[in-house]
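The block underneath contains the structure these notes are about, expressed in structure tokens.
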Amino acid sequence: ERDWTVSLTTVEGRERFELDVGSYQRGRLTGSNPKAATLVKRQDGSSFIQIGVESEVPEPEHAVKATGVDLGRRDIAHTSEGDHWNAQQLNQVRDHYSRLRAALQRKVGEGTRSTRRRCRELLQRLSGRERRFQAWVNHCISTCVSGTESLAIVARAKATCSLIALEGLTGMRERTNQQSRSKVERRRVNSWAFSQWRQFLEYKAARAGVKVVVVPPAYPSQTCHRCLWLGQREGKRFRCVNPACGWEGDADLNGANGIALLGVAVNRGLLP
Ligand SMILES: [Zn+2]
């Protein structure tokens, strides 16, 4: 930190290299005690270093209510505040990669020796590109402002003294599989994207001092969040059949509000 250099042991002995970093990185490194570092060599011959620093996580603030987040099929995420992020574009890109991969895999089995090798190389490059695209999308949803005025989930939860309630992953998988068993749907839902998305959210929330609770996955999406009666769900619409309630609206919004209710219960220790 004195001269912003790192000391590396090379085959020709110890050498110091100057760090080419911005003010954000300097801020994080200042006064910290790096525990680990990895030197990474790029394909173009250049190198960079990843330095891991530990930081204290603030004590989660006392929450007065809960924001429920429903991780669904048509929308990547739908919150009880009504914010939602569409999965259509993401799914289109992923379907494209998936078709391309299937075509390449067929060729790996046929083709001449050099064709097979080229296909294998292409497959490898493809997996990295798809992963990076998805990581970028996930990052944006959990941190950035999406759209023009909708605040990100963490920022809004912090501003409204809310905790964030998420559904257990297994439930989400079962529930969505019940609704559709098509191969395309299953591939989307079972992918690692959802668990990575959750990791991002939990990480950002911890740093912001926002509590995250995971609610039991058995919550039926047919339950009305207003009166807890079973209602009717038809695609995107939900209709409560309780004559005293009669709530009607977006099915994902109803689901997210149900998750928020459960989140409050879990937080008060009323549910495991
Ligand atoms: Zn109702």
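Here r is the Cβ-Cβ distance between S23 and V64 and R0 is 41 Å; the resulting FRET efficiency, rounded to 0.05, is 0.70.
To put it simply, the accessible area of the range 5-52 at a 1.4 Å probe is 49 percent carbon and sulfur.
FRET efficiency for Q92 and Q199, Cβ-Cβ distance as r, R0 = 22 Å, nearest 0.05?
Between Q92 and Q199 the formula returns 0.35.
The values are calculated or read from the model by the stated rules, or taken from the named source; none is laboratory data. Here the structure is a predicted model, which means the values were calculated and not measured. Note: ideal-geometry Cβ built from the backbone for every residue, glycine included; neighbour counts use all protein chains shown. Side chains are part of the model used for accessible areas, which takes the heavy atoms of the whole protein and leaves out ligands, DNA and RNA. Shrake-Rupley method; radii C 1.70, N 1.55, O 1.52, S 1.80 Å.
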